[in-house]
Amino acid sequence: MPRMLDVSDEVRAEIGDEEADRLLAGENAPGSYDCTSCRTPGDSEREPTSTVLFIGDETAVLAFAHAGCLPSQVVQVTEEQLQGAVRSIGGDISADAAVPAVTEPEKSVPEQAVLGVTSGLVLIAGELHPALVVEPTAPIVRPGTTGAGDDFLPLLIEQGFMPLTELTGVPPVQHGWSVLLAMGQLHAVLQPGPDGSQPVAWWQAHQPLQVTDGWRAAANKHQQVLMYAAPVGSIGRQPREDLLRDALDKAAANGKLVAAALPLAGT
């Protein structure tokens, strides 16, 4: 039976016309599947479904997602990330830990500064929103300059992030940026490529970062993630969401917080 599948041009270019046509005809596509984004069941015979091709260094995996969760696209990942995702699909990785926030130090691109990235839920106007809190482990200077100083917030403000004095509303959408949540895990924060080219990773996890079920549900509900950024020493590693919120409020009151709403899973 034909499937309600979307096979994008970039996916078709990678898998070939013959394989794409077989998928659309229902020969190689499953009827039911677990959405690679929200991890809930889907049915390609009854609801619009996207084909998502994950490509590693040596391996490629074709996955399926609700069309409302992810568009059909090709996602470049490391071989380690891809193998971890395959294990996750196969059930070899335990379920998300029941913790309010997950933190992983990583490297940003292209500045190569070490960042701490924390996921957590933030309450705004009575509604929970998924958030990422980014704080470097050391001052960041403007590329091409040397010496003391911290240009982390000015660099982000130049990109369109908004300075905050309090967390009373949802910040404006930062078009061109996005958060890649795939296979139920956090993979990267993407920024516009040079001269309008394909988005590139501003931050990328070495291994897909686990998020809580509540965070993932909120991300799929709002189809965007709030990103807050503060200079080194402003937030710290907070083990609970109430402590994380307190730290965000203090950073904002001290003029040390910028924010933007990033669409989920950029195309």
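Can you spot a residue in region 52-62 that is more than 30 Å from Thr168 (Cβ to Cβ), at pLDDT below 65 and crowded, with 17+ Cβ neighbours inside 10 Å?
The answer is no, given that none of the residues of region 52-62 is more than 30 Å from Thr168 (Cβ to Cβ), at pLDDT below 65 and crowded, with 17+ Cβ neighbours inside 10 Å.
Suppose we filter region 150-190 for residues that are closer than 29 Å to Thr40 by Cβ and either outside any loop (DSSP other than H, G, I, E, B) or of a type outside the set (Gly, Ala, Ser) (or both); how many remain?
Final tally of qualifying residues: 18.
Go through region 208-219 residue by residue and tally those that are over 14 Å from Leu132 (Cβ atoms) and buried (at least 21 other Cβ atoms within 10 Å of the Cβ).
1
Among residues belonging to region 220-233 that are buried (at least 21 other Cβ atoms within 10 Å of the Cβ) and of a type in the set (Gly, Ala, Ser), point out the one that is farthest from Leu132 (Cα to Cα).
The selected residue is Ala230.
Which one is modelled with the lowest pLDDT, of the residues in region 1-25 that are part of a loop (DSSP other than H, G, I, E, B) and closer than 17 Å to Ala67 by Cα?
Within region 1-25, the match that is modelled with the lowest pLDDT is Pro2.
Within region 248-264, is there a residue that is surrounded by 22 or more Cβ atoms within 10 Å (Cβ to Cβ) and farther than 20 Å from Leu155 by Cβ?
No, region 248-264 has no match at all.
Residues checked against (1) outside the structural domain of Val77 (by TED's automatic domain parsing); (2) farther than 21 Å from Trp177 by Cβ; (3) at pLDDT 80 or above:
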residue	(1), (2), (3)
Gln198	yes, no, no
Trp202	yes, no, yes
Ala217	yes, yes, yes
Lys221	yes, no, yes
Val225	yes, no, yes
Ala247	yes, yes, yes
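The values are calculated or read from the model by the stated rules, or taken from the named source; none is laboratory data. Nothing here was measured: the structure is a model prediction, and the numbers come from that model. Counting neighbours? That spans all protein chains shown, and the Cβs are built from the backbone with ideal geometry, glycine included.
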